[in-house]
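Shown next, in structure tokens, is the structure this report addresses.
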Amino acid sequence: MTRFILPAVLFFLLVFEGTVFQVFAPDNRGADLELVPRFMFILIMLTGIIRGRSYSLFYGIIFGILYDIVYSPVLGIYTFGFGFFAYLFSVSNSYVKRRPSVTALLVTAAVIGLEYYLYGMMLLLGITALPHEAIFTSRLLPSFIMNGLLAALLAVPVRAWFIRMDGADMD
Amino acid sequence: MSPFFSNRRLIVLLVCLIFLVGLIGYSLSDQRGLSWPEQFIQDSVGTVQSVFSRPAYMISNAVDSVNELRNVYEENQMLRSHLDEYAALQSELTQLQRRNDELEEAMDVQDNLLDYSVRNATVIHRSPDRWNELIGINLGAQHGIEQDMAVITSQGLIGKIRDVSQFSSSVQLLSDQDANNRISAMAESDDETIYGFMEGIDDETGHLRFTKIDVDIEVEEGMIVSTSGLGGVFPDGLTIGEIVDVTTDEYGLSQTALVEPAADYYHLDYVMVIERGASQTSLFDELDEEEEDMVPQIDPEADPDEDPAADPEAVPEEGVE
């Protein structure tokens, strides 16, 4: 049973980002701030760092496909983006694993990389035409800060959860 | 540790990139309906989403209503003053409506762009990345939703149906910057009508852009922009917003107006899907029913011995004829 908990949590986060978070999002309340939640990707990244690169690649592609179909008008962008950045930033060695601060920084770097990759793709495909300065302070920076804070909050408990689930396989 | 990208991995990466480009090309092609795996996934996720969104709306509405309690007295005063006007307007409306009906009858008008039918839908998700302005609703092909139908709130037009699955569909808001997001619109002043297109939003102000207006026409601020019904899918006269600014484009060939939307594109929970030309379909339905009614009247004639008691009134009538 325990191995279905992680996919279930990831699926819950996928739904949460589009429904509950959007109802309470600050721009829904008339603020200029736009927060883009990447909760699911953060958990995929933490999985990759703590349990190994193959896990994050697998979950990144599977949930990328779901994300593409449910939320995006163009297929393939999130599938490739989640898979690629989850693989690239899942540095799973003992130095990173033992230090939650380094883990959180790495996850934040992955979120930043993903967001700029998406911005580039959307510009390329003509889905958005917003210049960088128009969205940097209102959308990108606040989103990075929120996701970074969440990664810092989750790094320790998620690590403890995976250790309990897999047994103590920390080197 | 193994090298970061070995040769084999590079090849896999390249294959993935080619696959990505192919997939994007496939999904960007026009006139593409959703394939059945996409429909299946959208419907199943949509079911879960509607379970999640309902309590979220309940909580947010509760918070809102507590906030609104503070303004109740002022609002009540204002509404009361409007109420006096309402009675006068109501009588005027019925009068005008009757007059309009008579005139239409006299002119023998059958095709009315204003006729439409409405379906109520709940918003079940909004795309979390703000690159796409898409929302999901809980109605799909099984409820009669089709691509490109207009979607409104009580305040005005918000967008059109983009993709349809069996039990859910996605709506592209007017503020989406996709190059294909274009709607035929018009603005009316006392003496003339301006036609143009609604095309995305302005980068700086965030207002909607009303483009391709003839340069010779003088556009005034404060004019109300609505759908023109010329595109063939949307009905006529759905309010879009109010013109706040006008500029001439860089070549001086046409004008672009900035439109402040009437509807709130952010705080969406319930929307309405508009189907055009409902009166005509209902007319056809009536015709069908009449034809069906004809059938049992003919039957007793052909076979009078079988069941004459079933339609006692029909027999003397036909006898008279």
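Tallying residues that are closer than 23 Å to residue A:112 by Cβ and facing chain B (nearest Cβ under 9 Å) within region A:7-31 yields 8. Got at least one residue in region B:143-159 being farther than 22 Å from residue B:186 by Cβ and loosely packed, with under 14 Cβ neighbours inside 10 Å? Yes, that holds for at least one residue.
For region B:46-55, does any single residue satisfy the condition of being hydroxyl-bearing (Ser, Thr, Tyr), within 9 Å of chain A (Cβ to nearest Cβ) and surrounded by 10 or more Cβ atoms within 10 Å (Cβ to Cβ)? Show your work before the answer.
Step one: list which residues in region B:46-55 are hydroxyl-bearing (Ser, Thr, Tyr), which gives B:47, B:50, B:53.
Right, trim to within 9 Å of chain A (Cβ to nearest Cβ) and you get B:50, B:53.
When the remaining residues are screened for being surrounded by 10 or more Cβ atoms within 10 Å (Cβ to Cβ), the result is B:50, B:53.
Yes, region B:46-55 contains a residue that is hydroxyl-bearing (Ser, Thr, Tyr), within 9 Å of chain A (Cβ to nearest Cβ) and surrounded by 10 or more Cβ atoms within 10 Å (Cβ to Cβ).
Residue A:34 fulfils the conditions (1) more than 25 Å from residue B:57 (Cα to Cα); (2) facing chain B (nearest Cβ under 7 Å) except for a single criterion, (1).
Kindly indicate whether residue A:107 is touching a residue at least 12 places away in the same chain (Cβ under 8 Å), touching a Gly at 6+ places or on another chain (Cβ under 9 Å) and either surrounded by 19 or more Cβ atoms within 10 Å (Cβ to Cβ) or in a helix (DSSP H, G or I) (or both).
When the stated conditions are applied, residue A:107 passes them.
Among residues of region B:213-238 that are more than 18 Å from residue B:249 (Cβ to Cβ), those with a Cβ under 6 angstrom from a residue that is basic (Lys, Arg), sequence gap 6+ or separate chain, pair up as B:235/B:276. Annotation note: of A:146, A:165, the sole residue that is part of a helix (DSSP H, G or I), more than 11 Å from chain B (Cβ to nearest Cβ), aliphatic (A, V, I, L, M) and within 20 Å of residue A:53 (Cα to Cα) is A:165. Within the set B:172, B:166, B:147, the sole residue that is within 15 Å of the chain's Cα centre (by Cα) and part of a loop (DSSP other than H, G, I, E, B) turns out to be B:147.
Which one of these is assigned to a loop (DSSP other than H, G, I, E, B) and under 14 Å from the mean Cα position of the chain (by Cα): B:206, B:252, B:222, B:232?
Working: B:206 fails: under 14 Å from the mean Cα position of the chain (by Cα); B:252 fails: under 14 Å from the mean Cα position of the chain (by Cα); B:222 fails: under 14 Å from the mean Cα position of the chain (by Cα).
Just a single option satisfies the conditions, and that option is B:232.
Check A:152, A:160 and return the single one that is under 29 Å from residue A:51 (Cα atoms), aliphatic (A, V, I, L, M), out of contact with any helix residue (DSSP H, G or I) (no Cβ under 9 Å at 6 or more places or on another chain) and surrounded by fewer than 18 Cβ atoms within 10 Å (Cβ to Cβ). Steps first, please.
Details: A:152 fails: out of contact with any helix residue (DSSP H, G or I) (no Cβ under 9 Å at 6 or more places or on another chain).
Checking each option against the conditions leaves just A:160.
If you check residue B:239 against the conditions, is it surrounded by 22 or more Cβ atoms within 10 Å (Cβ to Cβ) and within 16 Å of residue B:263 (Cα to Cα)? No, not satisfied.
Do we find that residue A:115 is more than 7 Å from chain B (Cβ to nearest Cβ) and crowded, with 22+ Cβ neighbours inside 10 Å in this structure? Full working, then the answer.
Numbers: more than 7 Å from chain B (Cβ to nearest Cβ): yes; crowded, with 22+ Cβ neighbours inside 10 Å: yes.
So residue A:115 passes the test.
Among the candidates B:43, B:30, the residue that is modelled with pLDDT of 90 or more, of a type outside the set (A, V, I, L, M, F, W, C) and closer than 30 Å to residue B:179 by Cα is uniquely B:43. Output the number of residues of region A:31-55 satisfying the condition of being over 20 Å from residue B:129 (Cβ atoms) and not charged (D, E, K, R). Within region A:31-55, residues that are over 20 Å from residue B:129 (Cβ atoms) and not charged (D, E, K, R) number 8. Among the residues in region A:131-140, are any in a loop (DSSP other than H, G, I, E, B) and surrounded by 13 or more Cβ atoms within 10 Å (Cβ to Cβ)? The answer is no, given that none of the residues of region A:131-140 is in a loop (DSSP other than H, G, I, E, B) and surrounded by 13 or more Cβ atoms within 10 Å (Cβ to Cβ). Taken as a whole, region A:6-17 holds at least one residue that is at pLDDT 90 or above, buried (at least 20 other Cβ atoms within 10 Å of the Cβ), charged (D, E, K, R) and assigned to a helix (DSSP H, G or I). Would you please list the contacts, defined by Cβ atoms under 7 Å and residues six or more apart or on different chains, that run from a residue in region B:147-158 that is closer than 10 Å to residue B:174 by Cβ to a residue that is basic (Lys, Arg) and not in a loop (DSSP other than H, G, I, E, B)? Short answer, once both residue conditions are applied: B:151/B:160. From (1) in contact with a Phe, Trp or Tyr (Cβ under 7 Å, 6 or more places away or on another chain); (2) within 9 Å of chain B (Cβ to nearest Cβ); (3) crowded, with 19+ Cβ neighbours inside 10 Å; (4) in a helix (DSSP H, G or I), pick out the condition that doesn't hold for residue A:63. Result: residue A:63 fails condition (2) only.
If the condition is being more than 14 Å from chain A (Cβ to nearest Cβ) and under 16 Å from residue B:254 (Cα atoms), then region B:183-210 contributes B:184, B:185, B:186, B:187, B:193, B:194, B:195, B:196, B:197, B:198, B:210. The residues of region B:127-156 that are out of contact with any helix residue (DSSP H, G or I) (no Cβ under 7 Å at 6 or more places or on another chain) and charged (D, E, K, R), listed by number, are B:133, B:146, B:148. Every test in (1) at pLDDT 90 or above; (2) within 8 Å of chain A (Cβ to nearest Cβ); (3) not in a strand (DSSP E or B) is passed by residue B:136 save one, and that test is (3).
Count of region A:75-90 residues, restricted to those that are at the interface with another protein chain (Cβ under 8 Å from one of its Cβ atoms) and either over 17 Å from residue A:116 (Cα atoms) or touching a residue at least 60 places away in the same chain (Cβ under 8 Å) (or both), is 1. Under the condition of being among the β-branched types (Val, Ile, Thr) and more than 20 Å from residue A:155 (Cα to Cα), the residues counted in region A:3-52 number 4.
The values are calculated or read from the model by the stated rules, or taken from the named source; none is laboratory data. All values reported here derive from a predicted model rather than from experimental measurement. Please note: Cβ atoms are built from the backbone with ideal geometry, for glycine as well, and neighbour counts cover all protein chains shown.
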